Amino acid sequence: MSNSLQTVNIGGLPVTPFKSMEQAVKTICSDSHILPGFAVAINAEKVISASENPEVKQNLLLGTLLYADGIAVVKTIQKKGVENSRVPGCDLWKELMLKAARTNKHVYLLGAKEHVNQQTAEKLRQEFGLKSLTRRNGYFEEESLVIEEVRTIRPDIVTVAMGSPKQEQLITKLREAHPDAFYMGVGGSYDVFVGTVKRAPKVFQKLHLEWFYRLLAQPKRIFRQSALFKYAYKHMTNRL
């Protein structure tokens, strides 16, 4: 990661603040440039998990570009006097795919089930105009073959939809084989993109309440959402 990129310490994690989605995309991808590295989305739940579990923190710190995916993290950065905006990971991935199509970058699409991966690739080609694309689903037996494929193809952007911490651990190995690419763990973004999983309605997105929508849809998440209360306390008492 370029040394010119500012970071803000949030609970021991160096988060890069972006004023807009456009700035984030331009930082990562331009007509002639790809930022080598590994992007990791940061939200309140991850900050609290990292503070309570050294292994989680170590896993998150594998990333070279940590960005504020959660509105709570955005508010804490603002409280520290730094202007920034929320950069939802799913939206960042889509904007990067659009930019990759416009700048003729090669994308390696890795992860998810075969039909989801295939539909994602087809939609990117047809709707985004992404011509330079290689794909592989997330159900492979030989990890070494994937690593060798990335080493051989040398894509510009590699996005991995395999869930945490598996996707981060694989990306770390892929970066050793091909360090010049930009890598991004995208979780369930492919599923959302092709409609097999529904994202929160636009009104929840605009109000930054996607977490609340997920809680309404899956009440069992209340135990995970306890991290939000812990984060709120630390935010209000300046302990982040």
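No lab work stands behind these numbers, since they all come straight from the coordinates. Quick caveat, the model's predicted, so the values are computed rather than measured. Positions of Cβ are backbone-derived with ideal geometry, glycine not excepted, and every protein chain shown enters the neighbour counts.
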Put in order of increasing Cβ neighbours within 10 Å, starting from the fewest, Thr16, Thr7, Thr27 give Thr7, Thr27, Thr16
Restricting to Cα pairs under 8 Å and 6 or more apart, the percent relative contact order of the stretch 104-199 works out to 33
Checking the cross-link filter: which lysines have an alpha carbon closer than 24 Å to that of Lys57, excluding same-chain neighbours under 8 positions apart? Lys46, Lys75, Lys79, Lys80, Lys166, Lys173, Lys230, Lys234
Straight distance only, please: which lysines reach the Cα of Lys123 with their own Cα at less than 19 Å, same-chain residues fewer than 8 apart left out? Lys94, Lys99, Lys105, Lys113, Lys131, Lys198
Residues whose built amide H sits under 5 Å from the amide H of Tyr183, excluding neighbours closer than 5 in sequence, are Gly37, Phe38, Ala39, Val158
If you fit an axis through the alpha-carbon atoms of helix 166-177 and take the longest principal axis of the Cα set of the chain, what angle between them do you get, 0 to 90°, nearest 10? 50
From the C-alpha gyration tensor of the stretch 104-199, pull out the three semi-axes of the equivalent ellipsoid (sqrt of 5λ each), sorted largest to smallest, in whole Å. 20, 16, 11
Only counting other Cβ atoms within 10 Å, I'd like Ile77, Ile153, Ile147 sorted with the fewest neighbours first. Ile153, Ile147, Ile77
Charge sum, other residues only, whose C-beta stays under 12 Å from Ala177's C-beta, Lys/Arg counted +1 and Asp/Glu -1: -1
Give a residue-ordered list of calculated ³J(HN,Hα) values for the stretch 13-23 (Karplus: 6.51 cos²θ - 1.76 cosθ + 1.60, θ = phi - 60°; whole Hz; x for Gly, Pro). 10, x, 9, 8, x, 10, 6, 7, 4, 4, 5
Restricting to the chain, compute how many DSSP beta bridges are antiparallel as a %, nearest 5. 15
So what J values fall out for the stretch 151-165 if you push phi through Karplus, 6.51 cos²θ - 1.76 cosθ + 1.60 with θ = phi - 60°, rounded to Hz, Gly and Pro as x? 4, 6, 6, 6, x, 7, 10, 10, 10, 10, 10, 9, x, 8, x
Work out the charge dipole of the chain with +1 on the Cβ of Lys and Arg and -1 on the Cβ of Asp and Glu about the Cα centre, then indicate which of Leu133, Asn238, Val146 is farthest towards its positive end. Asn238
Taking the Cα centre as origin and putting +1 on Lys and Arg beta-carbons and -1 on Asp and Glu beta-carbons, what dipole magnitude results for the stretch 104-199, to the nearest 20 debye? 360
Counting only residues 5 or more apart in sequence or on a different chain, those whose built amide H sits under 5 Å from that of Ile34 are none
Expressed as a whole-number percentage, the relative contact order of the chain with C-alpha contacts under 8 angstrom and at least six residues apart is 22
Helix 89-102: inclination vs the chain longest Cα principal axis, degrees, rounded to 10, gives 30
